[in-house]
Structure formats: structure tokens, C-alpha cells
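The values are calculated or read from the model by the stated rules, or taken from the named source; none is laboratory data. For clarity, every value in this text was computed on a predicted model and none was experimentally measured. Virtual Cβ from ideal backbone geometry, glycine too; neighbours counted across all protein chains shown. Protein only, heavy atoms only, side chains kept; ligands, DNA and RNA dropped before computing areas. Shrake-Rupley method; radii C 1.70, N 1.55, O 1.52, S 1.80 Å.
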Amino acid sequence: MAAGVKDITFKDLESDELPITSAVLMGGAHHLGQYCDQDFKTFMGCRYGHKDPRKCLEEGKQVTKCALDFFKKLKTECNDVFTKHWTCLDYHNQEFGYCRATQKKFDACVLEKLGLECVQPTHIELHD
């Protein structure tokens, strides 16, 4: 055990989890990164600063809380276009190039409803 770190219990690890698939996570990842930017940076700074993830449990829980909030807002504000986008990603093995049409509509909704602009490069488009 690292010096100065207390033992942890399963209770210390309890947190709500994101009930989503990898396609949903990939579909929303770029906007999620913006939405939770500060929480992600705080957690990673703690994680790399302490070299012991047990010291950063609260920061990790805050990341999860922020991600849950983000996906709840997506469901409320952009559910239809987001579902089409992540379904496209799921069907195309999470290759963004095949899903630019759905991404464009999703990005527009997220910009309008959540004020988040997509910073992912979208210059590559693949065709079946």
C-alpha cells in the first residue's frame, strides 16, 4: 500500500454508473469532453499527481456525476438525432467516417441546445 493512503472499502467505491454502451459513449465523447472538461482535468491532475487512484475517489465520482448529467441532458434535448448518430456508429463498428450525416445533425442540436461546439475533425467521410 502506498504511504499515507488509508484502506478503502466497497462503500468508498459506491457511485452511480453510466448505463450506456460503447457506441453511445463514442457518439457523445467529443461533446462530453467539453461539457466535463474541468472535472476530467481535476481527476487526471489528482491521478497523476498522487500516483495512487485511491486518493482520487471523490474526483472520479465527480467525473461520473458530470457524465451522467451530460447524457441526461442529451436525452432530454437531442434524443432523436443522438440515437440516430450512435446507432450509425454501432452499425459501422464505431467508424465516424460513415456517420458524418448523422453527426452533423447531432452536432447542430448540441450546439443549439447545450451551447457546445464540436471540435472533432470531420473532414474524412467514408462511403459503403
(request) Would you be able to say whether some residue in the range 51-59 is open to solvent by 70 Å² or more (accessible area, probe 1.4 Å), more than 20 Å from Ser22 (Cα to Cα) and in a loop (DSSP other than H, G, I, E, B)? (result) yes
(message) Looking only at the range 67-109, count every residue that is charged (D, E, K, R) and within 15 Å of the chain's Cα centre (by Cα) and tell me the total.
(response) 5
(message) Kindly evaluate Asp37 against the criterion of being without any contact (Cβ under 8 Å) to a residue 60 or more places away in the chain, open to solvent by less than 70 Å² (accessible area, probe 1.4 Å) and farther than 28 Å from Val119 by Cα.
(response) no
(request) Could you tell me which residue of the range 5-20 is nearest to Trp86 (Cα to Cα), considering only residues that are open to solvent by 80 Å² or more (accessible area, probe 1.4 Å) and not hydrophobic (A, V, I, L, M, F, W, C)? (result) Pro19
(request) Please find, within the range 55-109, the residue that is farthest from Leu13 (Cα to Cα) out of those that are in contact with a His (Cβ under 8 Å, 6 or more places away or on another chain) and polar (S, T, N, Q). (result) Thr102
(message) List pairs: first residue in the range 53-74 and closer than 14 Å to Leu114 by Cα, second residue among the β-branched types (Val, Ile, Thr) and open to solvent by 30 Å² or more (accessible area, probe 1.4 Å) anywhere in the structure, Cβ distance under 7 angstrom, at least six positions apart or on different chains.
(response) Phe71/Ile20
(message) Condition first: outside any loop (DSSP other than H, G, I, E, B) and touching a helix residue (DSSP H, G or I) at 6+ places or on another chain (Cβ under 8 Å). Now tell me which residues in the range 6-24 satisfy that.
(response) Asp12, Leu13, Ala23, Val24
(message) So, in the range 74-109, how many residues would count as being open to solvent by 50 Å² or more (accessible area, probe 1.4 Å), part of a helix (DSSP H, G or I) and not β-branched (Val, Ile, Thr)?
(response) 13
